[in-house]
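Worksheet for the structure shown next.
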Amino acid sequence: MSASYAVRVAEDPADREACFAVRKEVFVSEQQVPEDLEYDAYDADAVHVLAVREDGVPIGAGRLLCGAAAVAKTGGDPGVGSLGRLAVLKSARGLGVGIALVHGIEDAARARGLTAVDLHAQTHALGFYERLGYVAYGPEYLEAGIPHQAMRRSLQTL
């Protein structure tokens, strides 16, 4: 991780709101995902992860679903978490923020006893996730009008 930003679990309401603001900028404003699709009932119980610059400005976010929410997303295995809503502001792309967020989400999954993480990648991001050890499975599909592919990575205990 770069010394110019940090990644942390969003523990307080201000951090969670910062996560939502990043997602709104990337998904709603930039990618034109309808706002009512971007925010869902899973947000209330998700583990949110936030990347912030040294000056405290939010630059990235993601979330981990566990338990019943993850089972609904991953096909029934309670040991598998669901990584989602990974977003990095345009101004921070190419700095390793996305990688750091994925690692932060995987650490949160391990801390909760999960053995694997699934995600639904936009197809243009498949290479990014493949380099992080995720393997695509199943057919390509549309989500919010954007092509996606399901992927999974087994988590090794450290």
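Among the GluC sites (Glu not before Pro) in the stretch 28-65, those located in a DSSP loop and surrounded by at most 13 other Cβ atoms within 10 Å of their own Cβ are GLU54.
Considering only DSSP states other than H, G, I, E and B, which chymotrypsin sites (Phe, Trp or Tyr not before Pro) in the stretch 1-49 qualify as loop sites with at most 11 other Cβ atoms within 10 Å? Don't skip to the answer; put the middle values down first.
Values: sites: TYR5, PHE20, PHE27, TYR39, TYR42; in loops: TYR39.
Here no chymotrypsin sites (Phe, Trp or Tyr not before Pro) fit, given the DSSP loop and packing criteria.
A cut-off of 5 Å between modelled amide H atoms, ignoring neighbours fewer than 5 places along the same chain, links ALA116 with GLY81, LEU155. Using a 7 Å offset from Cα along Cα-Cβ at ALA116, what residues in the stretch 40-69 end up with backbone N under 14 Å from the label point? The answer is none, because no backbone nitrogen lies closer than 14 Å to the label point. Pop a pseudo-label 7 angstrom from the Cα along the beta-carbon direction at both ILE146 and VAL28 and give the gap in nm to one decimal. Each label point is offset 7 Å from its Cα along the Cβ direction, giving 1.5 nm. Annotation for HIS103 and GLU35: the two label points, set 7 Å from Cα along the Cα-Cβ direction, are 3.5 nm apart. Taking amide H atoms as placed 1.01 Å from N in the peptide plane, the amide H of VAL33 lies under 5 Å from those of VAL28, each 5 or more residues away in sequence or on another chain. For the chain, the 222 nm mean residue ellipticity estimated from helices alone, with every DSSP H stretch of n ≥ 4 adding -39500 (n - 2.57) and the total spread over all residues, rounds to -8000 deg cm²/dmol. Here the spin labels are modelled as points 7 Å beyond Cα on the Cα-Cβ line, and at ALA14 and VAL57 they lie 1.7 nm apart. In a Gaussian network model over the chain where Cα atoms closer than 10 Å are linked, find which of SER82, SER29, SER91 has the largest mean-square fluctuation. Judging by the Gaussian network model, the answer is SER91.
No value in this document is a laboratory result; all are computed from the given coordinates. These numbers were taken from a predicted model, which means no experiment stands behind them. Cβ: placed from backbone, ideal geometry, glycine included. Neighbour counts: every protein chain shown.
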